[in-house]
Amino acid sequence: MDSVYNVIELIGTSDESWEKAATAAIEEAAKTLRDLRVAQVMEQDLVIEDGAVTLFRTKIRLSFKHESGNV
């Protein structure tokens, strides 16, 4: 059976780690999207304030199964 997937990019944030930032993005997407398949980490960066890291940011590319309007 052939399948089609949608792909979106999301940026998750965490004050603890890049891994938690990626997890936050996926958990939020899972609230409104179904059949999440693969997440690919595209970029990671940091927010720095007064010489200290204050926020980890992870950009992910997330795929999920496409649903046509035909049931």
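Determine the calculated [θ] at 222 nm for the chain from helices alone, applying -39500 (n - 2.57) to every DSSP H run no shorter than 4 residues and normalising by the residue count; nearest 500 deg cm²/dmol. Value at 222 nm, helices only, nearest 500: -5000 deg cm²/dmol. Only Lys, Arg, Asp and Glu carry charge here, each on its Cβ (+1 for the first two, -1 for the last two); on that basis the chain has a dipole of about 360 debye about its Cα centre. Under a Gaussian network description of the chain, with springs only between Cα atoms under 10 Å, the residue in Ala25, Ala52, Ala39 that fluctuates furthest is Ala52.
Tell me, what is the Rg over Rh of the chain, with Rh the Kirkwood radius over Cα pairs? Could you put the intermediate results ahead of the total?
On the way: Rg = 14.9 Å, Rh = 13.2 Å.
For the chain, the value is 1.13.
Please report the relative contact order for the chain, taking Cα pairs under 8 Å with a sequence separation of at least 6, and give it as a percent rounded to a whole number. This gives 43 percent for the chain.
Computed from the coordinates by the stated procedures, all read-outs in this text should not be read as laboratory data. Everything quoted here is computed from the prediction, not taken from an experiment. No Cβ is skipped: glycine too gets one built from the backbone with ideal geometry, and neighbour counts run over all protein chains shown.
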